[in-house]
Amino acid sequence: MISRRQALLSVSAGLVWPGVAKAQSTSEWPADAIAFAAALRSRAWTAEAAARSAVERCMAASQLNLAVALDVPQALARLEGPEAPLGIPTLVKDLDDLPPFPTGLGMRNRASEAPASEIAPYVERLARLGLNPVGKSATSEFGLLPMSANQSGFTSTPWALGRSSGGSSGGGASAVAGGIVPLAHASDAGGSIRIPASYCGVFGFKPSRGRTLGSGSRGSTSLIARHVITRSVRDSALVLAANELDGAQAQFPPEGLIDGPSSQRLRIGVVRPTIEGLEPESAVADALDRVLAGLARLGHHISETTWPFDGARVGAAFTDIWAFEAARSVEALPRQQRDQLTRSTRELAELGAAQSSAASSHATLIAETSTQYEAWFERFDVMLSPTSACLPPLHAALDPEQSWDAFRPVLSQVAGYTPLQNLVGAPAMSAPLEMSPEGLPIGMHFFTRAGGDGSLMRLAFELEQEFSWRDRRPANWYG
């Protein structure tokens, strides 16, 4: 097993994993970050040319509205000096600091603010891994909603203009799915990695709370987990290994670098309705059935089950906590900026303003839910549901200028499966296993007990081999 330190060094050195062919010319845009590292090390690509080309591809994909800022000179400046990254191009979600860009927090009226003064710790770690940000990716205001937008409009999935990329890491997911960058920085507080991964047909992994840098630490109650959205499982596995916490901050012993599937056959439980009891759309339900048949062929043991708690109470508790966090974010703004927020953000913050501390008021329910959730895994190794109950929605369905009352039912469909793992601190992933009859991606949502990141990642390697999603290309492809 490779340690976190060895994993970090192997990326920085441009490790070529078994089966990775080196790019032969600059006309070949490497398929993932590990292949990119090999191409940079062999000089098939230079870091400078890669940065310029990534920005050019972002600009060519302007109809996707996936970026809020791009800067070739700054990307090239980072490649100077002894601490320069290897130069794998990427985008940073516009919720974390990356000098010299202002941190817009998904707000259109923040673009004129002063540049960030310090790089966010997780972004700095990505740079140490060899990644070179060429810009900031689109998100939603404060990352609150499962949609993304920039100054020009809503962010689309590359599979269908006019349909949402999801959010709040939608800009990065769209860029990865469109072949523009091999991986993108992302974060997840209720599905914000997994939902856009599903809608864009790429791989999205949410680590356990306390597993990695940016996902809380021992004793933390944070909902947020930072990671990356990728085309390949091996890229995600390598970043996970390189960012594992150790020592007093770590909640779990480090897994090290996972580099392939396990031979273990799993007991997989299947839940069909959302946490609040909504049934998935027919295309999603049919896709789930096809995946179950594939898992059975692989020898896994499949059983239908139900949520082991009162889903309506859990959903309401998450909404309360979410609204409270929205209120805190809005209260930190000057009055004139509050007035420029979208209607959904303002009304969600109003719901949260009356609460003193939603997390503490729901502490007993969260503790009970965590106990019930963990007990589930006495009977199962891994759980499976759709990532979202619906196909990528049309932009109008996720327009944040509608009232919160109008937005809430759509949210129940879009994010009906994903907030639970943030509440209980468990790992989860969306794997792009299926397509709808009209050619839209459908992600499948696998999750397990807190700390079980390794078992999910090993399963992901097996699923990637079986379902071959890396060969799919959307209608809007720039790779």
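The values are calculated or read from the model by the stated rules, or taken from the named source; none is laboratory data. Given the structure is predicted, the values throughout are model-derived calculations rather than measurements. Counting neighbours? That spans all protein chains shown, and the Cβs are built from the backbone with ideal geometry, glycine included. When the accessible area is computed, the model is the full protein with side chains, heavy atoms only, and any ligands, DNA or RNA have been set aside. Shrake-Rupley method; radii C 1.70, N 1.55, O 1.52, S 1.80 Å.
Data table
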quantity: Whole-angstrom gap from the stretch 251-295 to the stretch 177-230, using each part's C-alpha centre; calculated: 17
quantity: Charge dipole (debye, nearest 20) of the stretch 361-479; +1 at Cβ of Lys and Arg, -1 at Cβ of Asp and Glu; calculated: 120
quantity: Environment charge at Val72 (Cβ cut-off 10 Å; Lys +1, Arg +1, Asp -1, Glu -1); calculated: -2
quantity: Two-site FRET efficiency, Glu48 against Ala332, from Cβ-Cβ distance with R₀ of 41 Å, rounded to 0.05; calculated: 0.60
quantity: Gain upon complete extension [Met59, Ala353; 0.36 nm per residue less C-alpha separation]; calculated: 101.9 nm
quantity: Assigned charges on the beta-carbon of Lys, Arg, Asp, Glu; the stretch 228-309 dipole about Cα centre (debye); calculated: 320
quantity: Cα-centre dipole for the chain with unit charges at Cβ (Lys and Arg positive, Asp and Glu negative), debye to 20; calculated: 800
quantity: Accessible surface of the stretch 46-169, 1.4 Å probe, proportion on carbon and sulfur as whole %; calculated: 51
quantity: Unit charges at the beta carbon, dipole of the chain: most positive-side option, Ala51, Pro253, Ala323; calculated: Ala51
quantity: Accessible area (Å², per residue) of the chain, counting only protein heavy atoms and a probe of 1.4 Å; calculated: 36
quantity: Sorted peptide list for 157-170, 292-305, 87-100, criterion being average Cβ within 10 angstrom, highest first; calculated: 157-170, 87-100, 292-305
quantity: Inter-centroid distance (Cα atoms) of the stretch 91-153 relative to the stretch 333-351, Å; calculated: 20
quantity: Extreme residue, positive dipole direction of the stretch 315-449, given options Pro432, Ala406, Ser344 (C-beta unit charges); calculated: Ser344
quantity: Estimated FRET transfer efficiency (Gln372, Ala406; beta-carbon r; R0 45 Å; 0.05); calculated: 0.90
quantity: Fully extended contour minus Cα-Cα distance, from Trp477 to Arg108, at 0.36 nm per residue; calculated: 130.2 nm
quantity: Charge-dipole axis of the chain as Lys and Arg at +1 and Asp and Glu at -1 on Cβ define it, positive-most pick from Leu391, Gly130, Val291; calculated: Gly130
quantity: Spin-label model distance (nm) - Gln465 vs Ser282, 7 Å beyond Cα toward Cβ; calculated: 3.7
quantity: Structure-based [θ]222 nm, the chain - -39500 (n - 2.57) summed over DSSP H runs of at least 4, per residue, nearest 500; calculated: -10500 deg cm²/dmol
quantity: Modelled FRET efficiency - R0 35 Å, Arg379 with Ala84, Cβ distances, 0.05 increments; calculated: 0.10
quantity: Net lengthening on full extension, Arg290/Ala316 (0.36 nm per residue, minus Cα-Cα); calculated: 6.2 nm
